[in-house]
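The structure appears below as structure tokens.
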Amino acid sequence: MSKKTTFGVIVGNRGFFPDHLVDTGRKDMLSVLAKQGYEAICLTPEDTKFGSVESRADIKKCVDLFKQHREEIDGIIVTLPNFGDERGVAETIKGAGLNVPVLIQATPDDPAKMTLADRRDGFCGKMSVCNNLAQYGIKYTLTSLHCSAPDSCSFIGDLNRFAATCRVVKGLTGLRIGAIGARPAAFNTVRYSEKILQANGITVEVVDLSEIFGKIQKLDDDAAEVKARFDTIRNYVNTSETPDYAITRMAKLLFAVEEWIAANEVDITAFQCWQSVEEYLGIVPCGVMSIINNRLTPCGCEVDVTGAIGMYSLTLASGVASALLDWNNNYADDPDKCVLFHCSAVPKDCFANVEMDEQDILAGTVGWGNTHGACVGRIKSGPFTYARTTTNDEWGTISCYVGEGAFTDDPLDTFGGAGVIQIPNLQTLLQYICNNGFEHHVAIAHSQVGAAIEEAWSNYLGWDVYKHS
């Protein structure tokens, strides 16, 4: 998440249009990218005429440049300061073979400058470029306005959304998920197909919970690794109500999970959070999971692997921590509000106020004193995006929904990690979820990135997506 997003930039040109526009257009685009904090890989004026792509020689140079930076490039931006050469653009992208998202930008004409010396015709050239990309089977993204200058507010908004889309596509391509433990027996709802995920380039690495317990049993309370994580947990949130013995057990669990994650090179995880951990370790793993979630490496509750994919999509797009919550309660008689809740492993960055306490629900089953470690409090108010992915066994596909809403400050007196949300036309969304057999879990993040995620899932990954509005 700390790596800057890097774009390969193709500057289109067509010889009988004013090519001084290409010179200024290239400079304008690179300047905007730098100001927005992005890296750019682009031909220079020393490589080709104004660093543009038009001829076969230009194409070969740009293809070679992009291949040299294959591991760095997250997406491609095609900028058209004039009409541009559609074949040059299409053949460059095809030849580079990067298989990354592509954004098409065309600079608008000025009605006062429609002479042969200054007329752009990017309006028309964009259509020709898109036509060729479609013929070549190359997927691409359009700007919200057909033409927009690189330094316009409209294009900068498009650029940042595109960057988020690129991060989601790159992060989910070749994703490795760790499934730690078996799903709770009572939760058929979190079943999923490993084969469908694998067909979409996502690998699931599984481990039995007994292996984690075995590692914990070999750890001494005074081991340096345990003491370091003891301090991590004590300093994470207010733990004044959590005894040392529980913190020590959590520290061992955190170390064992971290060690397994590193050894198996998994990107995100889903964890069997009840109720073996409570019965045999005498804690809940929620605090450990919350810490992992707050590191921007999602850990889904109840071995909800596909829920964790939704969490990671949100984090990749937004750069903030995500949480996995239950669609849990109505809120009075307001049809556009409801309560989202979990026990909870919600990361501290999602809370307005948070402390560590016992997990009230399971304490009635395994006994008080055996459920320390839940992060409880009120989820902070503000705009958020929600997302859900699932494997559709009937069709052999991945199905998803995504949308945006807001956490409110409406009064709520309850336990766990919870908040009241408002989503326009919520009842239609709830009917969609139920009619299509989606799980009761939903991923959330405090950021508005629904459009970027929809573009990544639908256009570039080919998943079946419903965007609620």
Restricting to region 196-225, give me the number of residues that are of a type in the set (A, V, I, L, M, F, W, C), crowded, with 16+ Cβ neighbours inside 10 Å and not in a loop (DSSP other than H, G, I, E, B). 8
Residue set Glu91, Glu71; condition surrounded by fewer than 18 Cβ atoms within 10 Å (Cβ to Cβ) and either outside the structural domain of Gly157 (by TED's automatic domain parsing) or modelled with pLDDT of 95 or more (or both); output residue Glu71
Count of residues meeting criterion [over 22 Å from Gln448 (Cβ atoms) and surrounded by fewer than 19 Cβ atoms within 10 Å (Cβ to Cβ)] in region 336-349: 0
Residues satisfying the stated conditions in region 269-322, i.e. of a type in the set (Ser, Thr, Tyr) and surrounded by fewer than 23 Cβ atoms within 10 Å (Cβ to Cβ): Ser276, Tyr280, Thr297
Can you tell me how many residues in region 355-391 are surrounded by fewer than 17 Cβ atoms within 10 Å (Cβ to Cβ) and either outside the structural domain of Cys338 (by TED's automatic domain parsing) or part of a strand (DSSP E or B) (or both)? 3
Looking only at region 9-31, filter to residues that are crowded, with 20+ Cβ neighbours inside 10 Å and β-branched (Val, Ile, Thr); which one of those is farthest from Arg161 (Cα to Cα)? Val22
Flagged pairs (Cβ under 7 angstrom, 6 or more apart or on separate chains; first in region 196-213, on the phi > 0 side of the Ramachandran plot; second surrounded by fewer than 18 Cβ atoms within 10 Å (Cβ to Cβ) and at pLDDT 95 or above) are Gly201/Thr173; Gly201/Gly174
Check region 42-53 and report whether any residue there is of a type outside the set (Lys, Arg) and in a helix (DSSP H, G or I). yes
Screening Gly201, Gly214, Gly181 for residues that are outside the structural domain of Leu33 (by TED's automatic domain parsing) and under 17 Å from the mean Cα position of the chain (by Cα) leaves only Gly201
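The values are calculated or read from the model by the stated rules, or taken from the named source; none is laboratory data. Just so it is clear, the model here is predicted, and its values are computed rather than measured. Glycine gets a Cβ as well: all are built from the backbone with ideal geometry, and neighbour counts include every protein chain shown.
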